[in-house]
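To keep things clear, I will list the structure first and then write my remarks on it.
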Amino acid sequence: MNFNRQLLLSGICGSLLLSGCASKPNWIASSGPSARQVDNVKRSDNNSTIQIVDVDSIVARKLINSVKSEQFSEVFDTHAKTNDLIGIGDTLDVSIWEAPPATLFGSSLAEMNSGSSGSRLNALPEQVVQSSGMINIPFAGHIKAAGKTLHEVEKEIIKCLHGKANQPQVIVRLSRNVSSNVTIVGEVVASARMPLSPRGEKLLDALATAGGVRQPINKMTLQVTRGDQVHSMALENIIRDPKQNIPLQSGDVVTALYQPLSFTVLGATGKNEEQNFEAQGITLAQALARAGGLLDARADAQGVFIFRFEDPKALKNTSSVQLTPEGKVPVVYRIDLKDPSTFFVAQSFPMKNKDVMYVSNAPAAEIQKFLNILTSTIFTVTAPFSSGLIK
């Protein structure tokens with residue numbers, strides 16, 4: 001009977017060993033593909049659209065540069081433009097002084113005969129700049145105002161009154177500005193339209209006008225829309241770097257966005273969950289730390305991967321790459337943490353929103369799983385013999 005028991009155990013062990021000698025059996029539980037299986041993606045014709053990129057200092061530098069190109073100081077004009085031109089719809093206050101005797105704007109003939117030495121002030125009703133760009137001044141006629149400065153309009157009125165009024169002096173003041181404004185919307189205390197002045201208001205001035213943001217600063221992003229240009233930047237970076245506090249132009253739309261960024265962690269790490277991060281971004285090293293690091297008993301330090309839909313401009317050669325409908329390239333960044341120099345690269349490699357970090361199991365961990373199953377099977381089979389149920 002002992003011979004039969006040995007024969008039975010040998011048959012079971014042989015079957016299990018044969019099933020696992022070539023590769024890991026499909027019936028062994030796993031959290032995802034191995035490093036070799038991910039590497040085989042680039043050799044598969046069916047998955048030729050997926051790019052696998054080994055992360056080094058050159059790749060990290062290129063990704064950093066692609067992020068830097070989105071800074072406001074590089075995509076928008078940083079030179080303040082004067083906002084003192086009158087526009088259609090603006091309201092003007094026009095005041096005219098006439099030296100005595102006030103022959104044109106005098107109140108009466110008696111006043112002229114009295115020889116009053118005081119100058120005569122005549123405040124006209126508010127003048128709204130018409131769609132034609134003109135305003136109407138008594139005795140001066142229609143004056144072109146749109147596209148001119150207040151001083152230029154003053155000189156034009158004086159010119160038209162020359163020979164009609166006695167030494168006229170004119171002051172034109174902008175009482176209501178509707179043509180040169182910036183709109184502030186989004187996660188602010190109160191959405192507003194901020195009139196621009198010759199002083200040259202900047203981005204943070206607009207935010208202050210709207211009462212500030214309603215969410216934590218490190219979670220906020222400011223989006224500036226100027227014509228066809230639309231760019232976003234972390235509010236905290238704008239506050240820290242004065243160059244990003246750009247001068248605003250008429251028609252700009254500033255939107256305060258609360259968009260919590262996150263990446264997902266899977267595989268042999270301390271935490272398998274979605275991790276939020278700040279609007280100014282984090283590095284790969286910080287992401288690994290927030291994920292709880294790699295599990296010593298399971299993780300393959302050469303099998304750390306970042307799955308991302310990447311902008312083609314961030315890659316070297318994308319001429320033959322098939323893009324997604326959104327114009328992105330599916331990319332798998334491979335990180336080898338066995339190489340000490342990779343830890344320096346990880347301190348600069350930028351994580352992006354919706355990234356998936358995956359750490360594969362080490363081959364030894366898969367073997368250990370197989371041996372555990374084998375040991376468990378042997379004990380299950382030998383239990384009846386040990387208990388005397390089978391002789």
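Worth a mention:
- Each peptide in 302-313, 154-165 receives the mean, over its residues, of other Cβ atoms within 10 Å, and ordering these scores from highest gives 302-313, 154-165.
- The range 256-359 - percent relative contact order, Cα under 8 Å, separation 6 or more: 40 percent
- Burial ordering of L337, L323, fewest other beta-carbon atoms within 10 Å first: L323, L337
- Size of electric dipole in the range 180-258: Cβ of Lys, Arg +1 and of Asp, Glu -1, about Cα centre, debye, nearest 20: 100 debye
- The ranking of D296, D93, D355 by Cβ neighbour count inside 10 Å, starting from the fewest, reads D296, D93, D355.
- Normalising the average separation of contacting C-alpha pairs (under 8 angstrom, six or more residues apart) by the number of residues puts the relative contact order of the range 180-258 at 42 percent.
- Ranked list, fewest to most other Cβ atoms within 10 Å of each Cβ, for D205, D228: D228, D205
- Here the label points at T91 and K155, each 7 Å from Cα along the C-beta direction, are separated by 2.9 nm in the simple model.
- Averaging Cα coordinates gives a centre for the range 283-298 and one for the range 197-263; these two points are 33 Å apart.
- For the residue pairs K144/K164; K202/K316; K271/K352; K144/K202; K328/K354; K313/K338, the alpha carbons lie more than 25 Å apart in K202/K316; K144/K202; K313/K338.
- Rounded if a/c under 1.5, otherwise prolate or oblate - the range 143-259, Cα gyration tensor axes: prolate
We did not get these values from a lab; they are worked out from the coordinates using the rules stated. What you see is a predicted model; the values in this text were computed from it and never measured. Cβ atoms come from the backbone with ideal geometry, glycine included; neighbour counts cover every protein chain shown.
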